[in-house]
Amino acid sequence: MAWLYLVMAGVCEIFYAAAMPRTHGFTRLGPSAFCALFIGLSMYLLALATRTIPVGTAYAVWVGIGAIGTAAYGVLALGEDRQPLRLLCFALILAGIVGLKLLSAKPTA
């Protein structure tokens, strides 16, 4: 269940990161409230995940999910740069996330 919480926390991070430019420095109420909601939800889910997953692993995976998801949003929806070396770097982040999941110790209890 902890890994599901962690993935959900990462997805919430994508939502708030993608919405952040629309807040205009948190001066627009609607987008700012949306952003704040997903920041809080992301933190809550990350905290639930760290009950079982070591904090270093959880934080690295959370940041990675947010980075990859937000970058994908930027490339697909906003027309951001698609240079092959940039995409390779994103692939390396994804490989790190998968590696951390595959190498995580199974909880004992």
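Here is how the numbers come out for the structure above:
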item	result
Selection within the stretch 70-108 - in a helix (DSSP H, G or I), at pLDDT below 90 and not small (Gly, Ala, Ser)	97, 98, 100, 101, 102, 103
Within the stretch 32-61, considering residues that are assigned to a helix (DSSP H, G or I) and at pLDDT below 95, the one nearest to residue 72 (Cα to Cα)	61
Residue match in the stretch 59-82 (condition: among the acidic types (Asp, Glu), farther than 14 Å from residue 9 by Cα and touching a helix residue (DSSP H, G or I) at 6+ places or on another chain (Cβ under 6 Å))	yes
Which listed residue, of 48, 37, 6, is in contact (Cβ under 8 Å) with a residue 24 or more places away in the chain and either polar (S, T, N, Q) or over 15 Å from residue 69 (Cβ atoms) (or both)	48
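The values are calculated or read from the model by the stated rules, or taken from the named source; none is laboratory data. The structure displayed is predicted, hence computed values, not measured ones. Note: ideal-geometry Cβ built from the backbone for every residue, glycine included; neighbour counts use all protein chains shown.
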